[in-house]
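Every number here is computed from the coordinates shown, using simple stated rules; none is lab data. Note that this is a predicted model, so its numbers are computed, not measured. Virtual Cβ from ideal backbone geometry, glycine too; neighbours counted across all protein chains shown.
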Amino acid sequence: MTGMSSDAVVEWKQWHEHRVESVSAPYGPLALTGTHWLEDHPDGRLPGIPGVWLLDGDAVVLSAPEDGPTLDGKPFTGSVRLGADTGPVDAARVGLGGRRLVVLVREGNWGVRDYDPDSAARRAFRGIETTPYDPRFSVPGRFTPYDSWRVVRVDAADGVRRGLGLSGELAFRLDGLEVTLQVAVQDDGRLWAVFADSTSGDSSYRFRFLYPDAPDAEGRTTVDLNRAVLPPCAFADHFICPFPPPGNTLGVAIEAGERTLR
């Protein structure tokens, strides 16, 4: 094993350890116990959550009873206008004991997510089945942006079709085959691909995510499928992960990265 490949293995092991720590953290994806859309609860009463949650323009108004939720870590009663929580879950403004109630908005639909560190999924977690690092699954790639941002409608894990924004195509060669994925560019410049392959639904989860590094000025990046990850909905049923867009279901076996839950 060369020094370079040895370094790659060490870095991958550190990445994998960090992933396991992240998903099993008190407010990681395993802690999500519910996503409640306000349009489904016109009276503002959410299952298992005190108070009344009503949409008011570009905010949610929470009217809290005594002995109800906390706001910014302190007990409160009365009403408060809440915007969407965009930071870490543990920084969400509304709490209920150890739980965090996260306000979110998707395509104009507002909801509240309930994260509980004592969730059954978190207590039952035994790890992620992950294939050991294989250098043949780390290859050069080239990103070509579209002339304009595109939105395609895809099914999501909750059975609802939603828009998935796509920024361009990522091309690479794998075992001599040309492969292309439609990808999005994230705020930090990294790419995001939702893909499936011939192992999906068999020896791997039904689809996975990949986050290649930000391309350079010529569109070059590394496609390291050893870092393919399970989507959040693999850890909790209450996420609304998008399924792969057209063209992102590959006819090759990606026997790399995270595969399934143990």
Which three lengths, in whole Å and largest first, does the stretch 203-262 cover when its Cα atoms are put on their principal axes? 39, 23, 23
Simple spin-label estimate for Asp58 and Val160 in nanometres, 7 Å along Cα-Cβ: 2.1 nm
For the stretch 29-123, go through all pairs of different Cα atoms, get the mean of 1/r, take its inverse, and jot down that Kirkwood value in Å. 13.3 Å
Just how far, in whole angstrom, is the stretch 101-115 from the stretch 207-245 if you go by their alpha carbon centroids? 22 Å
For the chain, what does -39500 (n - 2.57) per DSSP helix run (n ≥ 4), summed and divided by total residues, give at 222 nm, in deg cm²/dmol to the nearest 500? -3000 deg cm²/dmol
The helix 3-23 Cα axis meets the longest alpha-carbon principal axis of the chain at an angle in degrees, between 0 and 90 and rounded to 10, of 20 degrees
Pairs of Cα atoms farther than 15 Å apart, the stretch 155-262, %: 63 percent
With springs only between Cα atoms under 10 Å apart, run a GNM on the chain and tell me which of Asn226, Asn248, Asn109 wobbles the most. Asn109
Strictly greater than 33 Å: what percent of every Cα pair in the chain meets that? 28 percent
Backbone N under 12 Å from the Gln186 label point (7 Å along Cα→Cβ), restricted to the stretch 106-127: none
For Leu32, the residues 5 or more places away or on another chain with a placed amide H closer than 5 Å to its own amide H are Asp116
